[in-house]
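Notes follow the structure.
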Amino acid sequence: MSVDNPRVVDFIAVDHEANAIVLTIADHLPWEADAGHFAALQEKLNVYLAFIESGELLAAYPEAAGRKVRIALMHRAPLTVGALRLLESARAIITEAGFDLTWQHLPG
């Protein structure tokens with residue numbers, strides 16, 4: 001499960017403190033290959049949005065009802081300027097749809 005497998009939601013968890021359901025994307029790819037990585041991430045984000053908006057999330061996880069929804073990108077490689085721009089643009093679109101997008105660098 002990772003960013004390069006677009007048809008799978010990598011992880012789903014409940015953040016009780018924030019009263020949110022969190023859909024996590026595991027991203028191990030380097031940002032140096034920006035174009036391919038960007039395309040994979042955009043496709044994965046679109047799949048996550050479709051999963052949420054279609055009602056599949058609620059059908060699979062009824063405990064998501066009444067909770068905020070957050071997509072969390074956990075990435076191994078430090079962000080490039082282009083990657084940060086992509087994420088900020090994606091966050092604007094996802095926020096407009098009523099959800100949150102966060103990202104966190106997990107070196108390793």
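The values are calculated or read from the model by the stated rules, or taken from the named source; none is laboratory data. Just so we're clear, the structure is a prediction, and the values are computed from it rather than from any experiment. Neighbour counts run over all protein chains shown; Cβ positions are idealised from the backbone, glycine included. These accessible areas exclude ligands, DNA and RNA; they are computed on the full protein's heavy atoms, side chains included. Shrake-Rupley method; radii C 1.70, N 1.55, O 1.52, S 1.80 Å.
Numbers below:
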quantity: Between helix 34-53 and the chain: long-axis angle, C-alpha atoms, 0 to 90°, nearest 10; calculated: 0 degrees
quantity: Cα-based helix-to-principal-axis angle, 81-96 vs the chain, degrees rounded to 10; calculated: 20 degrees
quantity: Amide proton proximity set for TRP103, modelled H, under 5 Å, gap of 5+; calculated: LEU73
quantity: Fraction in percent of alpha-carbon pairs per bin - 5 Å, segment 1-42; calculated: 5, 24, 22, 17, 14, 11, 5, 1
quantity: Gaussian network model of the chain, Cα within-10 Å springs - most flexible of PRO78, PRO30, PRO62; calculated: PRO62
quantity: Average accessible surface area per residue within the chain, 1.4 Å rolling probe, Å²; calculated: 55 Å²
quantity: Gyration tensor (Cα) of segment 41-82, equivalent ellipsoid semi-axes in angstrom; calculated: 26, 12, 8
quantity: Candidates LEU23, LEU49, LEU41: whichever shows maximal mean-square fluctuation once the chain is modelled as a Gaussian network with Cα springs under 10 Å; calculated: LEU49
quantity: Net length gained if the chain between GLU88 and HIS105 were fully extended (0.36 nm per residue, minus Cα distance); calculated: 4.6 nm
quantity: Estimated FRET transfer efficiency (ALA13, ALA97; beta-carbon r; R0 22 Å; 0.05); calculated: 0.60
quantity: Spacing of the two label points (7 Å from each Cα toward its C-beta) at GLU63 and ASN46, in nm; calculated: 3.2 nm
quantity: Value of Rg/Rh across the chain [Cα atoms, Kirkwood radius]; calculated: 0.95
quantity: HN-Hα J in Hz across segment 22-27 - Karplus 6.51, -1.76, 1.60, θ = phi - 60°, x for Gly and Pro; calculated: 10, 9, 9, 10, 8, 10
quantity: Whole-Hz couplings from phi, Karplus 6.51/-1.76/1.60, listed for segment 55-72; x for Gly and Pro; calculated: x, 4, 4, 5, 5, 7, 9, x, 5, 6, 4, x, 9, 5, 10, 10, 9, 10
